[in-house]
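Asker: Dropping a structure here in structure tokens format, bear with me for questions.
No value in this document is a laboratory result; all are computed from the given coordinates. Note that the structure is predicted; figures quoted are calculated from it, not measured. We place every Cβ from the backbone using ideal geometry, glycine too, and count neighbours over all the protein chains shown.
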Amino acid sequence: MVRKENAEFELRGINHLALVCKDMAQTVDFYSNVLGMPLTKTIDLPNGMGQHFFFDIGNGDSLAFFWFPDAPEAAPGIAAPEALAGQGSLTTAHGSMNHVAFDVSLDKIEEYREKLTAKGIEVTEIMNHDDTRAQISPTVNASTFVRSIYFFDPDGIQLEFAAWTREMGGGRRRASPTCHGRGSETLSRSSQSGGGGIAILTSSALLPRHFHGKKMVEDLTGGVVALVHLGAANVEV
């Protein structure tokens, strides 16, 4: 993967991602015995609030689970996808955790699918995500960037084993971010010849105070994004 330096904060990755389970014993069995993740920390929360357990997912990162005795029931289609990828809608609510993807070696993806299936886990076929119009192909091609398999944990949390097939970043983006809310406008890529970034036209009402006026920020791909008010004339990026 192409790495770009964060000039604001020296982040070292994900410390832990905290999810919520219905049955901690079942969760421990699945993540430790089925997926083989070491259980590294167990906490009984004070005043009978519940429990908080941590699993090692490699690379110094952890996946954590809360168990709350009074937690609401799962809400497929709201808090999590209602179906596995490719088998139904992947839409979830704003602020939800859609799925967790674990990075695996490219030469292990087929073996790991067979291993999960042998353990009785329903797993999707290997999906070759690419830059074609359908964004997925039955076989690997020149534009394939990741190969994935998807499956559910006991609480209906969608998990993914993902294997990068090529380096990401360094190329021109194909999609512009979409605005949502009052005064939003469609975003468009700069048409300036030789432009290396994206022109984002948005209402000042949607911008934080420190973004009011014209501000230039670095694009993830190494180009430049121009963040400007509506009504601006031709924008050069």
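Asker: Tell me which residues come under 5 Å, amide H to amide H, from Thr92 once H is placed; ignore anything under 5 positions away on its chain.
Answerer: Placed amide hydrogens put nothing under 5 Å from Thr92.
Asker: Same structure again: Neighbouring Cβ atoms within 10 Å as the yardstick, rank Arg147, Arg166, Arg133 fewest first.
Answerer: Working: Arg147 21, Arg166 11, Arg133 5.
Fewest to most other Cβ atoms nearby, the residues stand as Arg133, Arg166, Arg147.
Asker: For Tyr112, Tyr31, what ranking results if the residue with the fewest other Cβ atoms within 10 Å of its Cβ goes first?
Answerer: Exposure proxy ranking, most exposed first: Tyr112, Tyr31.
Asker: Another one. Suppose R0 equals 41 Å; then what is the FRET efficiency for Arg166 and Lys41 from their Cβ-Cβ distance, rounded to the nearest 0.05?
Answerer: The calculated FRET efficiency here is 0.70.
Asker: Scan around Thr165 for amide H atoms under 5 Å from its own, H built in the peptide plane at 1.01 Å from N, and keep only partners 5 or more places away or cross-chain.
Answerer: Val146, Arg147
Asker: State the extension gain, in nm to one decimal, for the chain segment bounded by Phe9 and Asp23, taking 0.36 nm per residue of separation less the distance between their alpha-carbons.
Answerer: This chain segment gains 1.4 nm when fully extended.
Asker: Explain nothing, just compute: Karplus ³J(HN,Hα) = 6.51 cos²θ - 1.76 cosθ + 1.60, θ = phi - 60°, for every residue of the range 89-106 in order, whole Hz, x for Gly and Pro.
Answerer: 5, 9, 5, 9, 5, 4, x, 7, 9, 6, 6, 10, 10, 9, 6, 10, 5, 4
Asker: Tally Lys and Arg at +1 and Asp and Glu at -1 over the other residues with C-beta under 15 Å from the C-beta of Val123: what net charge comes out?
Answerer: The answer is -2.
Asker: Name the aspartates and glutamates eligible as straight-distance cross-link partners of Lys115: C-alpha to C-alpha under 17 Å, and not fewer than 8 places from it in the same chain.
Answerer: Asp29, Asp103, Asp107, Glu125, Asp153, Glu160
Asker: Using 0.36 nm times the number of residues separating Glu73 and Asn59, minus their current alpha carbon distance, what extension gain do you get?
Answerer: 1.8 nm
Asker: Summing +1 for each Lys or Arg and -1 for each Asp or Glu, what net charge is found among the other residues whose Cβ lies under 14 Å from the Cβ of Tyr112?
Answerer: -2
Asker: At q = 0.15, 0.22 Å⁻¹, what log₁₀ I(q)/I(0) does a Debye calculation on the Cα points of the range 1-77 give, no solvent, two decimals?
Answerer: At q = 0.15, 0.22 Å⁻¹ the computed log10 ratios are -0.64, -1.01.
Asker: Mind sorting Ile121, Ile43 by how few other Cβ atoms lie within 10 Å of their own Cβ, fewest first?
Answerer: Listing Ile121, Ile43 from fewest to most nearby Cβ atoms yields Ile43, Ile121.
Asker: Grab the eigenvalues of the alpha-carbon gyration tensor for the range 89-141, scale each by 5, take roots, and send me the semi-axes largest first in whole angstrom.
Answerer: Equivalent ellipsoid semi-axes, largest first: 22, 19, 11 Å.
Asker: Around His16, which amide H atoms from residues at least 5 apart in sequence, or from another chain, sit under 5 Å from its own amide H, with H modelled in the peptide plane?
Answerer: Amide H neighbours of His16: Ser62.
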